[in-house]
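> Handing you a structure now.
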Amino acid sequence: PIHQREYLLNGEMRPWTGNVSEVYSPVCIPDENGTLQRQLLGSFPVAGPKEALEALEAAVAAYDNGRGEWPQMAVAQRIACMETFIGKMLEQRSLVINLIMWEIGKNLADATKEFDRTVKYIYDTIDTLKNMDRNSSRFRIEEGIIGQIRRSPLGVVLAMGPFNYPLNETYTTLIPAILMGNTILFKTPKHGSLLHYPLLEAFRTSFPKGVVNSLYGRGADVVPPVMQSGKVNVLTLIGSSRVADELQRQHPKLNRLRSIMSLDAKNAAIILPDADLDVAVKECLLGTLSFNGQRCTAIKIIWAHRSVADEFLKRFNPEVSNLQPGMPWASGVQITPLPEPNKTRYLADIIADAEAGGASIVNEGGGETEASLFRPAVVYPVREGMRLYREEQFGPVIPVVVYDDEEEFIQYLITDDHGMQASIFGTDPEAIARLIDPLVNLVSRVNINAQCQRGPDTFPFTGRKDSAEGTLSVEDALRSFSIRSAVATKDT
Ligand code: G3H
């Protein structure tokens, strides 16, 4: 086990002697009697408001109203520090991948992808920043005025990542925020906290003191004092809409706070009457069940036209049932234990609610559980009024709705509180085109004959309504964590 007894504050690894939180893996292993046992992975500090405010003050001091070493440093030098960081991050690759796998139950292939995608994201961000920086030279803006437009930092950033991409999604905000000259406090997610520990030393030795500070502990203890201080300039959260509302309210000058957030989503896929069902089945399988459906971009409800619903389910259900459940390190395993406590009970509850309304599990083995492992369940026919119709299940349960007229689908999106992505499956270009225009104004990305997803990371990643604020992507993130500032010189 890894027992973390230090944290990164103001350029030092500070020893920790206070309370700790034990980390148990969602992966349970049978003991000699065959009883499944939870595995202790280690423990991490549970800081309180005092340490949170110390971390905040370190970031505030390092920023020093924009006069600190980091915000004043030339972009090329900041990039050099980041390249040093990448080198040190790579030294921890195998440990971090293993921790992702054990802490949140992500299978080995996806945990590896998460790490490598993150490294690529950092390289791509550096390249994009180099291009942006080239464009900041001086030019004659109009007769008599020489202008220069720069990208300047915003100040102190509070960054919080989610459990499902604990490394990647924390870094997709953290890294551009650092590169643009801001100073940071980053709060690790409760599930997926320990995996950040091996990288703290890399931050410490790659950047000036106070630029990156870690924040451990319960969000409810450490985040409110930081927000209430009014000293956070940018709040970035990949998490739930409820938490986002709560945090924003805590800032004394909400309208001065920039928020960059990716939040709840209920991404819907529509299967048109002429859809290629092989394509639809393959993409819906990936879209609904990659990492057990625990992705903000997962397809969370499928709308099948009445004329193809039976045939779609006939092909889809066995594919769902055939996904291999098991331990995340075993080769070929696709369904793995769920890290959120009581998640299996929650999933059973929303299925029971749909059953009470007349729907049922239509795939073999769907809904069977063993400890924190939950066999994916296709629930059909789901109707308005059932919890699964609107609630974001964030897990391996797939509601299928049958429709007659595509206007019903559009009305569903109009009346939904979310607006992240949608998928259209069909072969008639005109029918697809007819849907794209309304849909793209209701969600932030429409996928044609393809699952919903965030990548490629150069694509804008955002959402409408309760699903997001601000936009991420390699380039958008650099813009989000900076302001265009100008210097105008009178040419006499
Ligand atoms: O959980 C939300 C993630 O942004 C999903 O990313 O589509 O690459 O899996 P992904």
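The values are calculated or read from the model by the stated rules, or taken from the named source; none is laboratory data. None of the values given here were measured: they were computed from a predicted structure. As a convention, Cβ positions derive from the backbone with ideal geometry for all residues, glycine included, and neighbour counts pool all protein chains shown. Protein only, heavy atoms only, side chains kept; ligands, DNA and RNA dropped before computing areas. Shrake-Rupley method; radii C 1.70, N 1.55, O 1.52, S 1.80 Å.
> Please state the charge dipole magnitude for the stretch 125-197, taken about the Cα centre, from unit charges on C-beta atoms (+1 on K and R, -1 on D and E), reported in debye and rounded to the nearest 20.
Numbers: 8 positive and 5 negative charges, 23 e Å.
Dipole magnitude for the stretch 125-197 comes out near 120 debye.
> Report the far tail of the P(r) of the stretch 442-492, meaning the percent of Cα-Cα pairs longer than 19 Å. Numbers along the way, then the final one.
Numbers: 562 of 1275 pairs.
Across the stretch 442-492, Cα pairs with separations above 19 Å total 44 percent.
> Then there is this: Taking amide H positions as placed 1.01 Å from N in the peptide plane, with prolines and chain starts having none, which residues 5 or more places from Ser259, or on another chain, fall under 5 Å of its amide H?
Placed amide hydrogens put Leu235 under 5 Å from Ser259.
> Measure off, as a whole percent, the carbon and sulfur share of the 1.4 Å-probe accessible area of the chain, all protein chains present.
Details: 9810 of 20250 Å².
Using a 1.4 Å probe with all protein chains present, the chain comes out at 48 percent carbon and sulfur.
> Here's something else I'd like to know. Just to confirm, what accessible area per residue do you get for the stretch 308-397 at 1.4 Å probe, in whole Å²? Can you show the working numbers first?
Numbers: 4040 Å² over 90 residues.
For the stretch 308-397, the solvent-accessible area averages 45 Å² per residue.
> Among 339-348, 289-298, how do they line up from the highest to the lowest mean number of other beta-carbon atoms within 10 Å? Kindly include the intermediate steps, with their values, before the conclusion.
On the way: 339-348: 17.0, 289-298: 23.8.
Top of the packing list down: 289-298, 339-348.
> Any chance you could get the radius of gyration and Dmax over the Cα atoms of the stretch 111-193, in Å?
So, for the stretch 111-193, Rg and Dmax equal 16.9, 58 Å respectively.
> Please identify every one of the GluC sites (Glu not before Pro) in the stretch 139-243 that sits in a loop by DSSP and has no more than 14 other beta carbons within 10 Å of its own beta carbon.
On the way: sites: Glu142, Glu143, Glu169, Glu201; in loops: Glu143.
Sparse-neighbourhood loop GluC sites (Glu not before Pro): Glu143.
> How do 398-411, 261-274 rank on mean C-beta neighbours within 10 Å, highest first? Please list the in-between numbers first.
Details: 398-411: 18.6, 261-274: 24.6.
Most protected by this proxy first, the peptides run 261-274, 398-411.
> Can you give the three extents of the C-alpha atoms in the chain along their principal axes, from longest to shortest, in whole Å?
If we take the Cα atoms of the chain, the spans are 74, 68, 39 Å.
> Moving on to the next point. Stretch Glu408-Gln248 to full length: gain in nm at 0.36 nm per residue minus the Cα-Cα span? Write out the running numbers ahead of the final one.
On the way: separation 160, 0.36 × 160 = 57.60 nm, distance 3.43 nm.
Result: 54.2 nm gained on full extension.
> Skipping prolines and chain starts, which residues have an amide H placed within reach, meaning under 5 Å, of the one on Arg454, given they are 5 or more residues away or on another chain?
Excluding prolines and chain starts, which carry no amide H, there are no hits.
> Would you mind computing Rg(Cα) / (2.2 N^0.38 Å) for the stretch 365-492, counting N as its residues?
Numbers: Rg = 20.0 Å, N = 128, 2.2 N^0.38 = 13.9 Å.
With N residues counted in the stretch 365-492, Rg over 2.2 N^0.38 Å equals 1.44.
> Can you give me the orientation-averaged projected area of the convex hull built on the Cα atoms of the stretch 271-410, in nm²?
Numbers: hull surface 32.5 nm².
If I average the Cα hull's projected area over directions, I get 8.1 nm².
> Pop the C-beta distance of Leu286 and Lys490 into the FRET formula with R0 = 56 Å and round what comes out to the nearest 0.05. Show your work: numbers first, answer last.
Values: r = 59 Å, r/R0 = 1.05.
Calculated value: 0.45.
> Okay, moving on. Quick check for me: using +1 on Lys/Arg Cβ and -1 on Asp/Glu Cβ, what's the dipole size of the chain about its Cα centre, in debye to the nearest 20? Write down the numbers at each step before the final one.
Values: 50 positive and 60 negative charges, 413 e Å.
Using only the charged Cβ atoms, the result is roughly 1980 debye.
> With +1 on the Cβ of every Lys and Arg and -1 on the Cβ of every Asp and Glu, and nothing else charged, how large is the dipole of the stretch 178-324 about its Cα centre, in debye rounded to the nearest 20? Intermediate results must be reported in sequence, preceding the final value.
Details: 18 positive and 12 negative charges, 187 e Å.
Computed about the Cα centre, the dipole is about 900 debye.
> State the three equivalent ellipsoid semi-axes of the stretch 42-103, derived from the C-alpha gyration tensor as the square roots of 5 times its eigenvalues, in descending order and whole Å.
On the way: eigenvalues 155, 106, 6 Å².
Calculated on Cα positions only, the semi-axes equal 28, 23, 6 Å.
> Under a 5 Å amide H to amide H cut-off, with H placed in plane at 1.01 Å, what residues pair with Asp276 once short-range neighbours are removed?
Placed amide hydrogens put Gly426, Thr427 under 5 Å from Asp276.
> With the cut-off at 1.5 for a/c, could you classify the stretch 1-101 from its C-alpha gyration tensor as rounded, prolate or oblate? Intermediate results must be reported in sequence, preceding the final value.
Values: a/c = 4.07, a/b = 1.80, b/c = 2.26.
Here the stretch 1-101 falls in the oblate category.
> Need the full-extension length gain, Asp349 to Ser94, defined as separation in residues times 0.36 nm minus the C-alpha distance. One decimal, nm.
Values: separation 255, 0.36 × 255 = 91.80 nm, distance 3.77 nm.
Result for the pair: 88.0 nm of gain on full extension.
> Describe numerically, in nm with one decimal, the distance between label points set 7 Å from Cα along Cα→Cβ at Asp428 and at Gln77.
That separation, rounded to one decimal, is 6.3 nm.
> Tell me, what ³J(HN,Hα) does each residue in the stretch 80-87 have, in order and in whole Hz, if you take phi through Karplus 6.51 cos²θ - 1.76 cosθ + 1.60 with θ = phi - 60° and put x for Gly and Pro?
Listing the rounded values in order: 4, 4, 5, 5, 4, 4, 4, x Hz.
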